[in-house]
Amino acid sequence: MPLVNLKPVLAEAKSKGYAVAAFNPLDYASMKAMVAAAEELNAPVIIQTSAKTINYYGHRALVEWMREIAADSPIPAVLHLDHGKDFDMIRKCIEMGWTSVMIDASDHPFEKNLELSRKVVDLATAANVGVEAEIGQILGVEDDMVVTEEESHLTDPNEAEKFCRELDLSAFAAAIGTAHGYYKGEPKVAFELIEEINRRTNTPMALHGGTGLSDEVIQRCIKLGCAKINISTNLKHVFIDSFVNYHREKPSDYEPLRVLGAQFQAMKDLFKSKIEQFGGANRAGDVLSKVA
Ligand code: 13P
């Protein structure tokens, strides 16, 4: 089926109390494994390209791969831009067929962030494309984006409320103590802040930094209103480890398609485990009735 807008997908997840898994693809096969995993579980899924991946492959290849993969599948899949910081890149995503974009102007002061995010919301909404925007700065390294401990700060709930009142967002990304990349020590997740922001914004929350969170933390976050959970670092590790380990175990096997097959299976297993953990299994039908 055609790619779907993020907005109804997350509205449905929030209303039913589960989260949709959002994975950052690395190539065609990882995109295909995301949709295959969702299909096996009858779940919605978000495929979110980072700016770095777009710079590597170009917009056209990514959108064409995703359109073809989605067209062959009955499950609702969203093609989303993760952490869009460059307006021209965001505009090109909207024009070329992404069904959701994130504008991350969180490094600007509040009013400027609001102004830049509004510009994207206006453009995207007119094209039936969903929007995620962020306040506060999420700690850690996400591709080329580095936010240090000194720079990172949690989201101010007053600002969050004003921001979400002014903008019709599909998802709100808040800095609530999680971090991009593997955690060094216990993450200090601000559960009361998640609860307060969700109560005051009533907008599906996107949880960044999903890799390495315990199941207990994940379930609490979903209960408090997180409706989209991002996983990137986890995939990077599975992607490389599955390839390298296959060859370590079978050093004389030089059939690349067998290596790629093992890698595909490992990626699909990861995606299935996350979709199930976040409660997305068997939700495709209900989502489809909302996006139709
Ligand atoms: P991880 O790299 O910690 O999985 O976070 C992914 C993310 O939030 C992408 O925006």
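Among the candidates Pro25, Pro8, single out the residue that is in contact with a Lys or Arg (Cβ under 6 Å, 6 or more places away or on another chain) and within 29 Å of Val217 (Cβ to Cβ).
Pro8
Here's a check for you: in segment 207-224, which residue that is open to solvent by less than 10 Å² (accessible area, probe 1.4 Å) and more than 7 Å from the ligand (Cβ to nearest atom) is nearest to Gly279 (Cα to Cα)?
Residue satisfying both the conditions and the ranking: Ile218.
For residues that are open to solvent by less than 60 Å² (accessible area, probe 1.4 Å), free of Cβ contacts under 8 Å to residues at least 24 places away in the same chain and among the basic types (Lys, Arg), tally how many sit in segment 225-272.
Number satisfying all stated conditions: 0.
Looking at Leu114, Leu123, which one is open to solvent by less than 50 Å² (accessible area, probe 1.4 Å), of a type outside the set (Val, Ile, Thr) and on the phi < 0 side of the Ramachandran plot?
Leu114
State all residues of segment 35-91 that are in contact with a Cys (Cβ under 9 Å, 6 or more places away or on another chain) and surrounded by fewer than 16 Cβ atoms within 10 Å (Cβ to Cβ); if no residue qualifies, say none.
none
Which ones in segment 43-58 are outside any helix (DSSP H, G or I) and within 16 Å of the ligand (Cβ to nearest atom)?
Those that are outside any helix (DSSP H, G or I) and within 16 Å of the ligand (Cβ to nearest atom): Val45, Ile46, Ile47, Gln48, Thr49, Ser50.
Go through Ala13, Ala37, Ala61 for me and flag whichever is assigned to a helix (DSSP H, G or I), in contact with a strand residue (DSSP E or B) (Cβ under 9 Å, 6 or more places away or on another chain) and farther than 29 Å from Asn202 by Cα.
After applying the criteria, what remains is Ala37.
Here are some conditions: (1) open to solvent by less than 80 Å² (accessible area, probe 1.4 Å); (2) more than 16 Å from the ligand (Cβ to nearest atom); (3) of a type outside the set (Lys, Arg); (4) in contact (Cβ under 8 Å) with a residue 24 or more places away in the chain. Ile194 meets all but one. Which one does it not meet?
(2)
Pull out all pairs, ordered by first then second residue, where Cβ-Cβ is under 7 Å, the residues are six or more apart or on different chains, the first lies in segment 144-168 and is of a type outside the set (Lys, Arg), and the second is open to solvent by 90 Å² or more (accessible area, probe 1.4 Å).
Listed by first residue and then by second, the contacts come to Asp144/Lys52.
Quick check: anything in segment 255-262 near the ligand (Cβ under 8 Å from one of its atoms), of a type outside the set (S, T, N, Q) and in contact with a Phe, Trp or Tyr (Cβ under 6 Å, 6 or more places away or on another chain)?
No; the residues of segment 255-262 include none that is near the ligand (Cβ under 8 Å from one of its atoms), of a type outside the set (S, T, N, Q) and in contact with a Phe, Trp or Tyr (Cβ under 6 Å, 6 or more places away or on another chain).
Which residue, of Ala29, Ala13, Ala21, is more than 16 Å from the ligand (Cβ to nearest atom), crowded, with 24+ Cβ neighbours inside 10 Å and modelled with pLDDT of 95 or more?
None of the others qualify; the one that does is Ala13.
Based on what the data block shows, is Ala173 within 15 Å of the ligand (Cβ to nearest atom), of a type in the set (Gly, Ala, Ser) and modelled with pLDDT of 95 or more?
In short, yes.
The values are calculated or read from the model by the stated rules, or taken from the named source; none is laboratory data. Bear in mind the structure is a predicted one, so any value in this text is a computation, not a measurement. Methodologically, a virtual Cβ is constructed for each residue, glycine included, from the backbone with ideal geometry; neighbour enumeration extends over all protein chains shown. These area figures cover heavy atoms from the full protein model, side chains too; ligands, DNA and RNA do not enter into them. Shrake-Rupley method; radii C 1.70, N 1.55, O 1.52, S 1.80 Å.
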